[in-house]
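Okay, structure first, notes after.
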Amino acid sequence: MDQKPSTIETGWPEEGLTRVPYGVFDSEEIFEREQERLFRGPTWNYLGLECEIPKPGDYKLNFIGTTPIIVCRNHVGDVRAFVNRCAHRGSLLCFKNRGNEKVFTCVYHNWSYDLDGNLRGIAFRRGVNGQGGMPEDFDEEKHGLEAVRVTTRGGVVFGTFSDGTPDLEKYLGPQMTGFIDRMFNRPLRVMGHYSHRLRNNWKLVMENVRDPYHASILHLFFGSFGLSRHTMEGAALLDDSAWHHIVYTKRATDDISGSEYEGGKLKSMKSNLSLADPTLLDEWQEFDDGITNMVQTVFPAVTFQQITNCLGVRHLVPKGPDEAEMIWTLFGYEDDEDWQREIRRTQANLVGPAGLISLEDGAVTNFVQRGIRGREGNEASVVELGGDAIESSENRVTEATVRGFWKGYRDVMGL
Amino acid sequence: MDTFDTRHQVEQLQIDYAYCIDSGHFEDWPEFFTDECVYQIISRDSYEQGHESGFYYCRSKNMLRDRVLALRETTIYEPQRYRHIIGGTRILESDEKRCRAESNLIVVRTLQAGEMGIFAAGAYLDTITFESGTPKFIEKVVVTDSPQIDMLLAGPL
């Protein structure tokens, strides 16, 4: 990795949020500060769906930043989360991605913990024949698992390390909370899980997700088959803090005549294409607000998506300055009928690492990571579409939603 | 058709199928399937949990053609090549008209700068018909041992 003065030393460019110094994308120092201030700081981080751990003792593993986390349901049915690290010598306590346990027992030395994270057993606590063992005054109560503060809404589980994080509803604001309630409005059923390894910094993915500018340009399938175009009705929304965002469109509300989409002016519009099996795009109106395409992020690293009837969570896990993992969970509702399940399943072709409207994202974020190598000094990207505004608008030819991410980032990171 | 013949036909079909993809002749890829067919790429973890959704799901030959259309016309990615190694085919059931077979699969992906690595390992769960003279897939489920895809999965496996 190039050793350039880090953004911590040089400071943020004086233009403010219309510039993003490339140094935030490949610095070890920045990466470590993110773990401390962002992921262990005053943020709510996605941990999973309640339907993945329906019964007492059910657990699944996840991460907050790089920290391994156990999310479980305790014996009275409450959701709990802990750092997946034995309080004895630091081993992973659970190493299977999911399961059901009455107690969590470390395989290394059999220290065991109940479903609330309390230390309940130490092998050879009293030694053997009066020899060895732990000191008499060893206080088990002080050696439980490190707890994560948990909240749930609509069956979505979030966790935070900080007591200073406001309640989720306050963190999100009423509009963002309303969109969570819109999608997570009844019992869910998971339809698929997979993971996407990205060879780039995690924030390039969050920029990409929050960037409505590229959607119908890079993803030719999107524009060509009329799934989303800037000429359709829609909005780019930010909450008051600007940390969180939503971009949505309403399909079948546009007239492309006179726009750049008409007559092959935009490379992204191939209007001569037609599908041999148009049932690929079969759909029904999922929500009565007419929104057909919706992407919502909760700062820092989770995205909720509705691509017509393909619903999903994309949880981004940073792995290093230049590597990240996107963990996908596709879902429907428990009360889906078979034909609805089949439509969701078919539309899943649109998303993920093989997605007809998303495959390019894994390429282009890596192109940025490679493009910023060999810099002279403190060069920065230009995020100036829509000026320097950081506010909601019906117009989606804006990077205000990207600037919102960087506002949140700077607020927390002290950059 | 005896067991030896069935095995021979299935293995020849797999060889031709792999050659088609590895040589980039994607337009010919749908022709290995019947008009009514299922082609899916799904992780083993999801497959074993009974999940519906994976990386690819096509339920007609025309949907396969649409994947090829997208690959040629709308998908943007760096040049790369697959090399399929298919083996260990087990014929699970067979009669005159069709058979079910499972085969092991490794795909090496080579990127244009030269980096190469195992991109996918897993199994083909195939249902094959012999009724039209040429063996064709009625169903091909590609079960990948890893739940993870590195960067992107463009062409079929």
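The values are calculated or read from the model by the stated rules, or taken from the named source; none is laboratory data. This one's a predicted model, so the numbers in the text were calculated from it and none came from an experiment. When we count neighbours, we look across all protein chains shown, and the Cβ atoms used for this are built from the backbone with ideal geometry, even at glycine.
Filtered by the rule that a residue be over 16 Å from A:Ile246 (Cα atoms) and not small (Gly, Ala, Ser), segment A:383-415 gives A:Val383, A:Glu384, A:Leu385, A:Asp388, A:Tyr409, A:Arg410, A:Asp411, A:Val412, A:Met413, A:Leu415. Among the residues of segment B:129-136, is there at least one that is in a strand (DSSP E or B) and either polar (S, T, N, Q) or within 14 Å of chain A (Cβ to nearest Cβ) (or both)? Yes, segment B:129-136 contains a residue that is in a strand (DSSP E or B) and either polar (S, T, N, Q) or within 14 Å of chain A (Cβ to nearest Cβ) (or both). When segment B:32-52 is filtered for residues that are free of Cβ contacts under 8 Å to residues at least 40 places away in the same chain and more than 7 Å from every other protein chain (Cβ to nearest Cβ), the ones remaining, listed by number, are B:Asp35, B:Glu48, B:Gln49, B:Gly50.
Residues are listed down the side, and each one gets a yes or a no for (1) surrounded by fewer than 24 Cβ atoms within 10 Å (Cβ to Cβ); (2) within 13 Å of chain B (Cβ to nearest Cβ); (3) part of a loop (DSSP other than H, G, I, E, B):
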| site | (1), (2), (3) |
| --- | --- |
| A:Arg189 | yes, yes, no |
| A:Asn200 | no, yes, yes |
| A:Glu207 | yes, no, no |
| A:Ile217 | yes, yes, no |
| A:Phe222 | no, yes, no |
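Answer with yes or no whether B:Tyr19 is at pLDDT 95 or above, in contact with a helix residue (DSSP H, G or I) (Cβ under 7 Å, 6 or more places away or on another chain) and over 30 Å from A:Arg98 (Cα atoms). Considered against the rule, which asks whether it is at pLDDT 95 or above, in contact with a helix residue (DSSP H, G or I) (Cβ under 7 Å, 6 or more places away or on another chain) and over 30 Å from A:Arg98 (Cα atoms), B:Tyr19 comes out as no.
Residue-wise test of (1) in contact with a strand residue (DSSP E or B) (Cβ under 6 Å, 6 or more places away or on another chain); (2) surrounded by fewer than 17 Cβ atoms within 10 Å (Cβ to Cβ); (3) facing chain A (nearest Cβ under 9 Å); (4) under 22 Å from A:Trp328 (Cα atoms).
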site	(1), (2), (3), (4)
B:Trp29	no, no, no, no
B:Gly54	yes, no, yes, yes
B:Arg59	yes, no, yes, no
B:Val68	no, no, no, no
B:Glu73	no, yes, yes, no
B:Ile85	yes, yes, no, no
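The conditions are (1) out of contact with any helix residue (DSSP H, G or I) (no Cβ under 9 Å at 6 or more places or on another chain); (2) crowded, with 23+ Cβ neighbours inside 10 Å; (3) of a type in the set (Lys, Arg), and A:Arg341 fails exactly one of them. Which is it? Unmet condition: (2). Scan segment B:107-128 for residues that are within 14 Å of another protein chain (Cβ to nearest Cβ) and assigned to a strand (DSSP E or B) and the total you get is 8.
Every condition in (1) closer than 24 Å to A:Thr152 by Cβ; (2) part of a strand (DSSP E or B) holds for A:Gly77 except the one numbered (2).
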